[in-house]
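Chemist: My questions all concern the structure below.
The values are calculated or read from the model by the stated rules, or taken from the named source; none is laboratory data. Nothing here was measured: the structure is a model prediction, and the numbers come from that model. Methodologically, a virtual Cβ is constructed for each residue, glycine included, from the backbone with ideal geometry; neighbour enumeration extends over all protein chains shown.
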Amino acid sequence: MRYADGHIRRLLLMGAALVLILVLAACNYRFGGYREGQEGINTVSIPPFENRTRQIGIESFFTNDLVYEVGRGDRVSVVGPDRADAVVQGVIRDLDADTISRQNLNVSLERRVYVTIELFVKNRQGKQVWYYKLRDDEVYFVEGDKVSTEANLRDALAAISRRIAEKFHYRFTQAF
């Protein structure tokens, strides 16, 4: 009798799952991140990011990586501002670093850098049709000299920049 009860339960669960799928399909439910306003955006312009941090020059990392990531995809093309359906604007809002390991009270061995980015997509009329805020982080080593530590920080920021560009591209184009 136990086998029959388990079998009946499985059949009921499968039936309920089938009904749920049919209901969701009938309601035109979409899994994923459909966002109103993305339809009709086939080309974008990406001007240089605005950098509101004290770290000079990082806006070029973020702008170039986003141009590369969007440009290598097949759903949206990067074009000049006069031919674009929309503009992708980026603002680097915040950059923080925390020590995560120490040799002693005064000597850091590793730090974690955090970057907060806001991305806005505006159509030709200037209306914001999409917004995305990201905070990402990366660990870097603190060396005995400042030049090496700065190089490690730059490498960490470059890694964050690549990940943010990938996340933006995926999230923005997943609805197409």
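Chemist: Residues to consider are Gly80, Gly73; find the one that is of a type in the set (Gly, Ala, Ser), exposed (fewer than 13 other Cβ atoms within 10 Å of the Cβ) and either more than 18 Å from the chain's Cα centre (by Cα) or closer than 22 Å to Lys122 by Cβ (or both).
Modeler: Exactly one residue qualifies, and that residue is Gly80.
Chemist: It is to be established whether one or more residues within the stretch 143-150 are in contact with a strand residue (DSSP E or B) (Cβ under 7 Å, 6 or more places away or on another chain) and at pLDDT 95 or above.
Modeler: No, the stretch 143-150 has no match at all.
Chemist: Please go through the stretch 83-110 and give me each residue that is assigned to a strand (DSSP E or B) and of a type in the set (D, E, K, R), ordered by number.
Modeler: Selection gives Arg93, Asp94, Asp96, Asp98, Arg102, Glu110.
Chemist: Take the residues in the stretch 100-115 that are modelled with pLDDT under 95 and of a type in the set (Ser, Thr, Tyr), then tell me which one is surrounded by the most Cβ atoms within 10 Å (Cβ to Cβ).
Modeler: Among them, the one singled out is Ser108.
Chemist: Which numbered condition in (1) over 30 Å from Tyr114 (Cα atoms); (2) exposed (fewer than 11 other Cβ atoms within 10 Å of the Cβ); (3) modelled with pLDDT of 60 or more is the only one that Leu22 fails?
Modeler: Evaluating Leu22 over (1) over 30 Å from Tyr114 (Cα atoms); (2) exposed (fewer than 11 other Cβ atoms within 10 Å of the Cβ); (3) modelled with pLDDT of 60 or more leaves (3) as the failure.
Per-residue answers, yes or no, for (1) outside the structural domain of Glu59 (by TED's automatic domain parsing); (2) aromatic (Phe, Trp, Tyr); (3) touching a helix residue (DSSP H, G or I) at 6+ places or on another chain (Cβ under 9 Å); (4) buried (at least 19 other Cβ atoms within 10 Å of the Cβ):
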position	(1), (2), (3), (4)
Ile117	no, no, yes, yes
Val121	no, no, yes, yes
Lys127	no, no, no, no
Leu134	no, no, yes, no
Lys146	no, no, no, no
Glu150	no, no, no, no
Ala156	no, no, no, yes
Arg162	no, no, yes, no
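Chemist: Hey, can you tell me all the residues within the stretch 83-99 that are surrounded by fewer than 16 Cβ atoms within 10 Å (Cβ to Cβ) and of a type in the set (S, T, N, Q)?
Modeler: Passing the criteria: only Thr99.
Chemist: Suppose we filter the stretch 121-176 for residues that are among the acidic types (Asp, Glu) and not in a strand (DSSP E or B); how many remain?
Modeler: 5
Chemist: Just to be sure I understand, how many residues within the stretch 39-68 are of a type outside the set (Ser, Thr, Tyr), surrounded by fewer than 20 Cβ atoms within 10 Å (Cβ to Cβ) and at pLDDT below 95?
Modeler: Here the count works out to 7.
Chemist: I'm told Gly80 meets every condition in (1) at pLDDT below 95; (2) of a type outside the set (S, T, N, Q); (3) assigned to a strand (DSSP E or B) except one. Can you identify the failing condition by its number?
Modeler: (3)
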